[in-house]
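The values are calculated or read from the model by the stated rules, or taken from the named source; none is laboratory data. Predicted, not measured: the structure shown is a model, and the values here were computed from it. Here Cβ is always computed from backbone atoms with ideal geometry, including for glycine, and neighbour counts include all displayed protein chains.
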C-alpha cells in the first residue's frame, strides 16, 4: 500500500513539473517529461531490454521489431509528407560498428542495455543504479578521451545518408526486409503466439513493442528524437565546468582544453534547460511510477555486496565511453536511427551490438 | 543493506524534477523583452542560450560585438557592423560566455531571449531560421564581414547600389589595390555557403543594403554529429 502511495505522489510530482514548464512557455521541456513517462511505463511493464533480446530472447526481439515496423512506416509518412524535415542526423561510419561492438560486449557486465538499465533503476535495483552512475561517469570521460578518435573514424563516410542518396523508399524497403528476415528467424526459434495483454500484469513483449513504436512515432511527429546519451554527456560536462569554476568554459570558447571538440560539435546545455534531459528524467520517473504502482519496486536492496556494485559501475563507465565512439547507445544508435530511416546506421549498430553481446556473454560464462 | 533512504527515494526524485523545472522557470522568462537605449551593453549568456539582439537607429551607427576577454585585452570584435540602421543578431553560445556590445552613438537595443534547442527544433521542422539581419547605409568602400556564416547557411539580400561578395583573398587584394573581385550584385541577391570561410560584403556603389543570413536544415545536417 505504501508503495502505491509513493507511486501516486511521484506521478503527481512529475505531472506538476510538466505543468509548471508548459504553463511558463517551456512546451518542449514539459511535454518531454510526458513522453519520457510514457516510455518509462512501457519499458518497465514490458521489461523492454534490448540486451535480453540480443542475447536470444525471441519474444522480446519480436516486440522490438514490431515497434520498429510501426515507427519506420510512420517515419516514412512523416518525412514524405514533410511533417518532419529530417531523420536522425547521426554520422555513418566504421565508428558505429567499433563503438556498438564494445557497447554490446559490456552489456552482460552492466546487466542490460541503456534502456534496460534505466527501467531497472526505476524498479529500484541497486546493481543497475551502480551501472547508471558508471554510465554517467563514462559520459564525462567519453567526450574527453575518444571524441577526436571518433571524428577521425567517421570522417571518410560522414555525410552519407542512404535515404538522401537512394531515396526514402529504398531506406524503408531495407528496414522492412531486415525486420521481416529477423521476424522469420524469431519464428524459427519460437513459434508465433499472442499472449493476452492484462494491464495489471507484466505486459507481453508484443504489446510493449507496439506501444514503444506508437509513442516513438507521435514523439517524432510533434517533438523530436528519442536519444539518451546526449543529455547525459551535456549534464556531466556542465557539472565538470561548474566544478572547475567555469575555467573549462573559458578554454572551450578558445577551442582548447579537454572535450573542446565535443563541445563545439554537440553544444553544452545546462541540465535544467535541456529538453532532452527532461525526456530522460521522465523515462526514469515513468519506470519508477510503474514499478511502485505494480508493487515491484525493490528499494535498492544490495545483493552480492559492494564488489558486485563496483563491477557494474566499472562496466557502466566503459559503456558510457563506448557510446561516444558509436555516437549513440541502443536507443539513439540503433532504435532511433533505424526507426527514422537511417538503416545504414541502425542495422550496422545492431550487428556490432549483437556480435559484442555474444563475445561478452561468452566471457561472463567463463568468469562465473 | 540499502543504498538510499528507502522510504524517500521516489519522492526525492519527484521533488528533484520539480526543482529542475522551477530552476528553468526562474532562470529566464521566454517572453521577457526589454528595449533600452545605450552605447554599451554587457551580455552574459549561459550554455544553450540564443538571445537575439535587435538594434534600431534613425542615423547610421557603428556596432561592434566583443567577447568580454577580447574587449579587455584590446582584441578585435567578433562582429563589426558599420553604418547600421537596423540589425538583428542571434547570439548562440555553447558555453558560459560574456559579450560587450559597443555602439558609436546611443542606439535602441532589444534583447529577445531564446534557446538553441528551440531553434534546432524549428530547423528540424524544415523552417529556415534567421541568424543575422543587417540594414545599413552603404557608402562606397563600406564593408562588413558577414556574420554567422557556416556550411549550408543561405544569404539573401537587396542592394540599392552595387555590392560585391568577396573571399578573404579577394578582400585583401581589394584593400591593397582597389581591384574589385568576387560576385557582384545590384538589386536582390542570394548565395549559399559551403564552408566556414570568411565572406566580406563590400559596397562598390553607394545605397542602402540589407541582407539576412539563414540557418537551414542543410546546415543542421552538415554540422549535426550527435546522437
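Of all residues in segment A:145-166, those being within 21 Å of the chain's Cα centre (by Cα) and more than 11 Å from chain B (Cβ to nearest Cβ) number 1.
Residues to consider are A:201, A:254; find the one that is surrounded by fewer than 18 Cβ atoms within 10 Å (Cβ to Cβ) and within 11 Å of another protein chain (Cβ to nearest Cβ).
Step by step, each of A:201, A:254 is checked, and only A:254 is surrounded by fewer than 18 Cβ atoms within 10 Å (Cβ to Cβ) and within 11 Å of another protein chain (Cβ to nearest Cβ).
This table checks each residue for (1) touching a helix residue (DSSP H, G or I) at 6+ places or on another chain (Cβ under 6 Å); (2) within 11 Å of chain B (Cβ to nearest Cβ); (3) surrounded by 19 or more Cβ atoms within 10 Å (Cβ to Cβ).
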| residue | (1), (2), (3) |
| --- | --- |
| A:284 | yes, yes, yes |
| A:288 | yes, yes, yes |
| A:297 | yes, yes, yes |
| A:305 | no, yes, no |
| A:316 | yes, no, yes |
| A:332 | no, yes, yes |
| A:343 | yes, no, yes |
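Taken as a whole, the structure leaves residue A:104 outside the set of residues that are modelled with pLDDT of 95 or more and within 11 Å of chain B (Cβ to nearest Cβ). Just checking, does segment B:178-192 include any residue being under 25 Å from residue B:57 (Cβ atoms), touching a residue at least 40 places away in the same chain (Cβ under 8 Å) and surrounded by 18 or more Cβ atoms within 10 Å (Cβ to Cβ)? No, because not a single residue in segment B:178-192 is under 25 Å from residue B:57 (Cβ atoms), touching a residue at least 40 places away in the same chain (Cβ under 8 Å) and surrounded by 18 or more Cβ atoms within 10 Å (Cβ to Cβ). Counting only residues that are within 22 Å of the chain's Cα centre (by Cα) and touching a residue at least 24 places away in the same chain (Cβ under 8 Å), give me the helices (runs of 4 or more DSSP H) lying completely in segment A:206-309 with at least 2 of them. Helices (runs of 4 or more DSSP H) meeting the threshold: A:229-243, A:260-266, A:275-293.
Residues that are touching a strand residue (DSSP E or B) at 6+ places or on another chain (Cβ under 7 Å) and assigned to a helix (DSSP H, G or I) occur at least once in segment B:157-173. Listed by position, the helices (runs of 4 or more DSSP H) enclosed by segment A:124-201 that each have at least 1 residues that are touching a strand residue (DSSP E or B) at 6+ places or on another chain (Cβ under 7 Å) and farther than 28 Å from residue A:85 by Cα are A:126-145.
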